[in-house]
1. Looking at the stretch A:30-73 only, could you name the residues that are open to solvent by less than 10 Å² (accessible area, probe 1.4 Å), in contact with a Pro (Cβ under 6 Å, 6 or more places away or on another chain) and in a loop (DSSP other than H, G, I, E, B)?
2. Can you tell me which residue among A:Gln253, A:Gln275, A:Gln230 is exposed (fewer than 15 other Cβ atoms within 10 Å of the Cβ), within 20 Å of the chain's Cα centre (by Cα) and in contact (Cβ under 8 Å) with a residue 40 or more places away in the chain?
3. Anything in the stretch A:323-353 that is open to solvent by 50 Å² or more (accessible area, probe 1.4 Å) and either more than 14 Å from chain B (Cβ to nearest Cβ) or in a helix (DSSP H, G or I) (or both)? List them, or say none.
4. If A:Gly314 satisfies all but one of (1) in contact (Cβ under 8 Å) with a residue 40 or more places away in the chain; (2) part of a helix (DSSP H, G or I); (3) in contact with a helix residue (DSSP H, G or I) (Cβ under 9 Å, 6 or more places away or on another chain), what's the number of the condition it fails?
5. When you go through (1) surrounded by 14 or more Cβ atoms within 10 Å (Cβ to Cβ); (2) outside any helix (DSSP H, G or I) one by one for B:Lys15, which number turns out not to apply?
6. In the stretch B:37-73, what count of residues is obtained for those that are more than 26 Å from A:Ala252 (Cα to Cα) and either open to solvent by less than 30 Å² (accessible area, probe 1.4 Å) or assigned to a loop (DSSP other than H, G, I, E, B) (or both)?
7. Residues that are under 23 Å from the mean Cα position of the chain (by Cα), polar (S, T, N, Q) and within 13 Å of chain B (Cβ to nearest Cβ): list the helices (runs of 4 or more DSSP H) wholly contained in the stretch A:85-183 that include at least 1 such residues.
8. On the basis of being more than 9 Å from chain A (Cβ to nearest Cβ), among the charged types (D, E, K, R), free of Cβ contacts under 8 Å to residues at least 40 places away in the same chain and farther than 18 Å from A:Ile114 by Cβ, does B:Asp42 make the cut?
Amino acid sequence: MFSLRDKTLADDIVSQIKKAEVHLKFMHVCGTHQDTLMKNGLDVLLQKSGVEIGQGPGCPVCVTTPKEIEEVLVLAKEGKTIASFGDMIRVPGATSSLQQLKTEGYDVRIVYSIEDAVMLAEKHKEKEIVFMAVGFETTAPTTASVLLRRPPSNFSVLCCHRLIPPALQAILDMGEIKIDGFIEPGHVSTIIGAKPYDFISRDYHIPQVIAGFEPIDLLMAAWMLVRQIQQGKAEVQNEYIRAVKSQGNKKAQQIMKQVFEPIDVKWRGFPMIPQSGLVLRNKYALYDARKKYEDELIKISEAEFTEPVGCLCGEVLRGLISSKECPLFGRGCTPDNPVGPCMVSSEGNCNIQYRYSKQ
Amino acid sequence: MCLAIPGKIVEIDKKQHTATVDYGSGTKRKANVSLVEVKIGDYVLVHAGFAIQVLDEKEAQETLALFREMLSLQEE
């Protein structure tokens, strides 16, 4: 029922885009959108129709900074049990990776959900469990929901959650690339709704469409953006109406607000982006790994960690180059031997490009 | 990362804030439902073990028809 497959409709959409005779560049910020585009050959199809769609900083694992990775590595080496999602484990840091530490005997666990990490803490009271919490607004409420329930005191969170709208603004303010429209991430939007994107259309006159993840969803989103541009409009439209309500998920928003407050943070490839990260409120300081293990983390608190040598993940994340333009792509950097996070994560542009160009 | 899978709620444990979600083809898993208000029979999107939104069945059924209508209005 929730699968949209209709070849005739797809052909009609593409033919209407072609008829518009445009040369436009859109950006999306979601690895799942990129996967749908490439898996179905929509990127090429749309490019031939005058619409180029590229991925911006839409991969939570990829935008996690080298410093944050170093923090988790320090905690692992200090004997904490680290739990995180699979992709995060494999991202190389400046000195090692969680996967490497695991092979060296440190305690690193892959979990599917933050709840698995809490269960570990309940089961192993003798261990200190640190959950590396990455993810945008889709994932942040799951962390908040768990902390509201007051998990055991041997559980804590290294919070690396980030917010999408401030990153969109940062890209526009940096002015490095031309963006004619944004395709907004459907599942982030199930939580935040449409309103948080309003200022982008109002202040920057950029049309936006919230889109789902079926091929038809992305084709429709591209068509809706083209249509707005033809009509001289710049507004937030919702293509993913079966899942996204304009006000979002208010319960999830409320829970997030109770537990987190916004903070200025760096993103990989970006300078500090104001109010784009989340930090635990003081009430939950007991669960904040950065406060709880301040003494262990102090040794890297002032250190600067740079990108791996030759890695252009930053440029890929800002949409300046395609993965194939990176000299390391497919040569020094592959999914089996990744140099940067964009080749590690299944949401990363380089990983997706590599997977589908091999087929 | 932001991947979410649709499934149908077949059982709810209100005390534990969990529900059994049927993803079709015999795949059933427990999901946390503390972020949504659900009842048995609802379709939800599940992300990282949590239901993050209730899907609108009516909107889903009418989506393709709506898209066709939007395109035909453009052609007129």
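The values are calculated or read from the model by the stated rules, or taken from the named source; none is laboratory data. Predicted model only: the values in this text are computed from it and were never measured. Neighbour counts are summed over all protein chains in view; Cβ atoms, including those assigned to glycine, are modelled from backbone coordinates with ideal geometry. For the accessible areas, the whole protein counts, side chains as well, though only heavy atoms, and no ligand, DNA or RNA atoms are used. Shrake-Rupley method; radii C 1.70, N 1.55, O 1.52, S 1.80 Å.
1. Scanning the stretch A:30-73 gives a single hit, A:Cys30.
2. So the residue among A:Gln253, A:Gln275, A:Gln230 that is exposed (fewer than 15 other Cβ atoms within 10 Å of the Cβ), within 20 Å of the chain's Cα centre (by Cα) and in contact (Cβ under 8 Å) with a residue 40 or more places away in the chain is A:Gln275.
3. First, the residues of the stretch A:323-353 that are open to solvent by 50 Å² or more (accessible area, probe 1.4 Å): A:324-325, A:327, A:331, A:336-337, A:346.
Listed by number, the residues that qualify are A:Lys324, A:Glu325, A:Pro327, A:Arg331, A:Asp336, A:Asn337.
4. (3)
5. Unmet condition: (1).
6. The qualifying residues number 2.
7. Details: elements: A:86-90, A:98-103, A:114-123, A:140-148, A:164-174.
Qualifying helices (runs of 4 or more DSSP H): A:140-148.
8. Working: more than 9 Å from chain A (Cβ to nearest Cβ): yes; among the charged types (D, E, K, R): yes; free of Cβ contacts under 8 Å to residues at least 40 places away in the same chain: yes; farther than 18 Å from A:Ile114 by Cβ: yes.
Against the criterion (more than 9 Å from chain A (Cβ to nearest Cβ), among the charged types (D, E, K, R), free of Cβ contacts under 8 Å to residues at least 40 places away in the same chain and farther than 18 Å from A:Ile114 by Cβ), B:Asp42 qualifies.
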